[in-house]
Each structure stands twice: as structure tokens, then as C-alpha cells.
Amino acid sequence: MISDRRVFLRATGSAFAALAASGCLRSGFAAAADGPGGYGPLLSDPNGLIDLPQGFSYRILSSLGDAMSDGGTVPDHADGMGCFDLGGGKWALVRNHELMPNHDSGGAVGPAFDTLGDTGVPLPGGTTTLVLNAETLAVDQQHRSLSGTIRNCAGGITPWGSWMTCEENVSRADGKINKDHGFVFEVPANAPGPIDPVPLKAMGRFNHEAACVDPATGVVYETEDREDGLLYRFIPNVKGKLAEGGKLQALAIDGLPDTRNWSGVTFEPQGWHGVRWIDLDNVEAPDDDLRKRGAAAGATIFARGEGIWMGEGELYFCCTSGGAAKLGQIFRLRPQASGPDRLQLFYESTSIEQFNFGDNLTVAPGGHLVVCEDQYTEQTSNHLRWITPEGVAYPLALSRIDTEWAGACFSPDGKVLFVNLYRPAKTVAITGPWIA
């Protein structure tokens with residue numbers, strides 16, 4: 001995958017120039033402002049890890065191989081993450097680990113969804129939980145909270161204090177592993193150790209990326225990391241009780257079957273489109289064909305749906321390779337209490353300087369977005385991007401090591417941005433003069 005992306009991105013500059021010359025790129029697309037903006041220019045980090053604007057600083061909370069409170073060590077591939085208020089001056093970070101069966105689990109033990117063959121050894125994917133002192137950010141403890149899954153990529157927080165962790169893998173039981181994968185699991189933020197894993201099968205089996213909950217309705221929205229993926233919503237039978245089942249649907253826009261803009265601009269930016277939702281059946285999809293059956297029934301296609309996050313009455317989600325330049329799109333969906341929900345192409349990148357392969361995202365205080373870049377080139381240069389409510393992108397941080405950003409989320413008081421460096425895994429806290 002990394003090699004393929006390097007080849008693709010080497011060609012991006014010339015492809016973009018050709019698009020610009022042809023007039024395919026419209027002035028209506030959001031663009032980064034000329035020159036320094038947002039919080040100002042990034043300053044070089046003397047420690048060679050993270051460049052930040054003046055007035056900002058970072059603190060490393062947890063790193064690959066650190067000893068955990070349960071006797072294990074911090075695993076690698078730190079990905080999606082959510083922050084929760086536990087009360088009593090404590091915050092919890094529930095952190096995904098996007099690990100395959102051949103990766104090191106950091107010594108995972110206890111209940112597990114699946115194991116390696118007949119060894120009884122848990123599959124290494126899952127989550128770890130960090131419990132922090134909310135005042136000092138000191139790590140009071142960290143431990144495994146879910147084991148036995150594969151490629152836990154992103155996920156989402158719930159209003160009732162749990163983390164939905166999503167498998168970006170649809171492997172079938174084959175003797176090397178004992179169960180089918182491709183599900184969402186729910187991890188309570190206050191779980192003191194590994195939970196008993198329950199796959200939420202009614203939420204669909206597909207190449208999951210992320211999920212978010214509309215607190216007004218309890219409806220869950222889910223992204224799919226496939227180039228021909230769909231946007232799903234899950235209507236639970238009982239609000240706040242995902243394990244009690246529900247209905248899975250896919251988004252459709254009549255007359256607009258494809259949002260990717262790969263063959264000319266068919267999905268214009270900034271305008272709003274009414275949407276409808278198509279009921280899906282056989283949602284456990286043993287043949288991994290849920291998206292194909294949905295599209296055949298009229299569902300609209302998205303290019304590699306990734307991070308998704310709920311704001312005030314609306315949600316945003318990234319499509320990593322969408323857009324005429326294939327550098328990324330951000331969509332905004334507004335659920336409606338009456339009448340059809342509405343969808344907008346909020347942002348589409350036209351150059352790597354603006355925005356390059358957006359992945360996880362979060363909504364900051366004041367409605368701004370923080371987007372994690374996830375591109376690998378011969379000279380990797382991944383940023384955190386700060387995007388204003390008006391759709392203007394600025395650099396917020398630069399990773400000085402060859403890895404992606406992941407898991408951006410704010411503390412309950414909005415003063416701290418927590419984020420992961422994917423590999424070698426590091427979880428950091430960034431503080432500064434955040435715009436309210």
C-alpha cells in the first residue's frame with residue numbers, strides 16, 4: 001500500500017497541473033490561504049518530532065514499548081482515539097491499535113474475540129486505555145481494554161461514555177484465525193481491563209473505518225475505507241443500546257451516484273443536496289459485498305471514507321482519495337428532524353500544499369476541524385491541518401518522522417488536543433492558545 005501510494009503521489013503534481021490547465025478545477029473549491037495563516041508559521045522542533053506554531057507545545061504521554069499497569073507493554077500502530085471524562089478529575093483515552101495477526105500484541109492476555117489458531121493467544125488488534133490526571137496530564141495507568149480483533153483503525157465516541165472501535169479488515173475464519181472479522185465493538189471508557197468482546201453484527205460487516213453518534217437521535221453513522229465505499233447509518237432498536245440490534249441503511253442522492261469527482265466534477269462544492277437512506281439486508285455480508293449491493297440499489301459511492309466526527313447538529317467525514325486531484329474531500333451531513341437529511345461537499349483539496357490524504361478528523365471548539373494527514377511518499381511530510389468553518393485550511397503541526405497522524409480528539413474542557421503518531425506509536429498532548 002505504501003509503495004503504491006508513493007508511485008501515485010509522485011504523479012500527482014503533473015496530474016494536478018493538467019487538471020488546472022483543462023479548467024476542471026473550479027474556483028468554488030476551498031483553498032489554503034496564501035502565506036502563513038491560522039496560528040502562524042510552524043517552528044522547528046529542536047527534538048525533531050513535531051513542529052508547532054508559536055505558543056504551542058507538546059508532551060509525550062505514552063510510547064511503543066512502555067510498561068503498562070497490567071504487565072503488558074504499549075503496542076504499535078496507534079490509530080483512532082477518543083477522550084472521556086471519568087469524573088473525579090480523571091480523563092480516559094481509549095486508543096486503537098491497527099494490528100494484524102502477525103504483529104506483536106504487547107503481551108495481550110484475558111478475554112479475546114479471536115485467537116491465533118488453536119494456540120489460545122489473542123489476536124493483537126484491539127484497544128488500550130490511558131487514565132490521565134485531568135489537571136496535570138500525568139498517566140495514572142494504562143492497560144489493554146479490548147483484544148482479539150484485526151486492524152482496529154478508527155472509531156468514535158458515544159454520548160453514553162464508550163468507544164466504538166472498528167475493524168478495517170474482513171478476513172474469514174480459515175484455521176489461522178477462528179472467526180470472521182469486519183465488525184464494530186463497543187469499549188466502555190471506564191473498563192478497568194479487557195472487556196468481553198461482543199461484535200455488533202447488526203451494524204454491518206465491511207471494511208470499517210470510523211463511526212459517530214448523533215446525540216439527538218442515537219443514530220450511528222459509519223464510514224467505509226474502500227474506493228467504492230458507502231456512507232452507512234445504523235438506527236438502533238433502543239437508543240444507546242447498540243448490542244440490541246437495529247436497522248442498517250446506506251446514503252443515496254438521486255441523480256448523483258458518485259461523489260468522487262474522478263471523471264470530471266459531478267459533485268459541486270458548497271451546495272447542499274437532499275439525501276435518502278436505503279435499507280440494507282444480509283448486513284453480515286459473508287461475501288464482503290454490502291457496498292456493491294447497496295450501490296446496485298441506488299446508494300451513492302464515496303472514495304475511501306475515513307474519519308467521521310459529530311459537531312453541533314452536523315457531522316463531517318473525510319474521503320481520503322476523493323476529488324479531481326485525488327488528494328481528499330471532506331463532506332458535511334446535516335440530519336434533519338423533518339424532511340430529508342442534507343449533504344454538502346465542504347472541502348476538496350486541489351494541491352498537496354492544501355491538504356493531502358486526510359484521514360482521522362475531529363471537530364474543535366468553535367467548529368473548526370483538525371484533520372490528520374496520512375500520505376506516504378519518498379519524503380513524507382504529514383501535517384495536522386486546521387480547517388476553518390469557512391473552509392480554509394492551514395498547517396497546524398508537522399510530523400518530523402516518517403509516519404501518519406491519527407486519533408485526534410480534544411479533552412472534555414477543549415484545552416488539550418490529544419493525537420497519535422502511528423508508528424512507532426506515540427500518544428501526545430498538544431496545548432496552546434486554541435481559538436474558541
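The values are calculated or read from the model by the stated rules, or taken from the named source; none is laboratory data. Everything numeric here is computed off the predicted structure, so don't read it as measured data. Virtual Cβ from ideal backbone geometry, glycine too; neighbours counted across all protein chains shown. Just the protein is used for accessible areas: all its heavy atoms, side chains included, with ligands, DNA and RNA removed. Shrake-Rupley method; radii C 1.70, N 1.55, O 1.52, S 1.80 Å.
At a glance:
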read-out	value
The chain - accessible surface per residue (Å², probe 1.4 Å)	37
Heavy atoms of VAL198: accessible area, 1.4 Å probe, square angstrom to 10	80
Amide H within-cut-off set for GLU404, under 5 Å, with H built and near neighbours excluded	TYR422, ARG423
Loop sites in the stretch 149-204: trypsin sites (Lys or Arg not before Pro), DSSP, at most 12 other Cβ within 10 Å	ARG172, LYS176
Binned Cα-Cα distances of the stretch 87-218, short to long, each 5 Å bin given as a whole percent	2, 11, 21, 23, 19, 13, 7, 4, 1, 0
Residue-wise HN-Hα coupling along the stretch 164-178, computed from phi with Karplus coefficients 6.51, -1.76, 1.60 (Hz; x: Gly, Pro)	8, 9, 10, 7, 9, 6, 10, 5, 9, 4, 9, x, 6, 10, 9
Per-residue HN-Hα couplings for the stretch 238-253 [Karplus 6.51, -1.76, 1.60; θ = phi - 60°; Hz; x = Gly/Pro]	10, 4, x, 10, 5, 6, 8, x, x, 10, 9, 9, 10, 6, 9, 10
Karplus 3J(HN,Hα) series, Hz, for the stretch 120-137 with 6.51 cos²θ - 1.76 cosθ + 1.60 (x for Gly, Pro)	x, 7, x, 4, x, x, x, 9, 10, 10, 10, 9, 10, 6, 5, 8, 9, 6
The chain: calculated mean residue ellipticity at 222 nm from DSSP helix runs of at least 4, using -39500 (n - 2.57)	-1500 deg cm²/dmol
Listed residue pairs exceeding 29 Å between alpha carbons, taken from LYS247/LYS292; LYS201/LYS326; LYS90/LYS247; LYS247/LYS415	LYS201/LYS326; LYS90/LYS247; LYS247/LYS415
Relative contact order (%) - the chain, alpha-carbon pairs under 8 angstrom, separation at least six	17
Rounded percent of accessible protein surface that carbon and sulfur make up, the chain, 1.4 Å probe	51
LYS426, LYS415, reordered so the largest accessible area comes first (probe 1.4 Å)	LYS415, LYS426
Percent RCO, i.e. relative contact order, over the stretch 216-356, from Cα pairs under 8 Å lying at least 6 residues apart	23
Whole-Å distance, taken between Cα centres, linking the stretch 343-364 and the stretch 372-436	13
Filtered GluC sites (Glu not before Pro), the stretch 69-172: DSSP coil and at most 16 other beta carbons within 10 Å	GLU135
Options PRO340, ALA189, LEU398, ranked by Cα towards positive dipole end of the chain, top entry (Cβ charges)	PRO340
Debye, to nearest 20: dipole size of the chain, +1 on Lys, Arg Cβ, -1 on Asp, Glu Cβ	380
Label assignment, Rg/Rh (Cα atoms, Kirkwood Rh) derived from the structure, set (i) 0.94; (ii) 1.02; (iii) 0.98	(i)
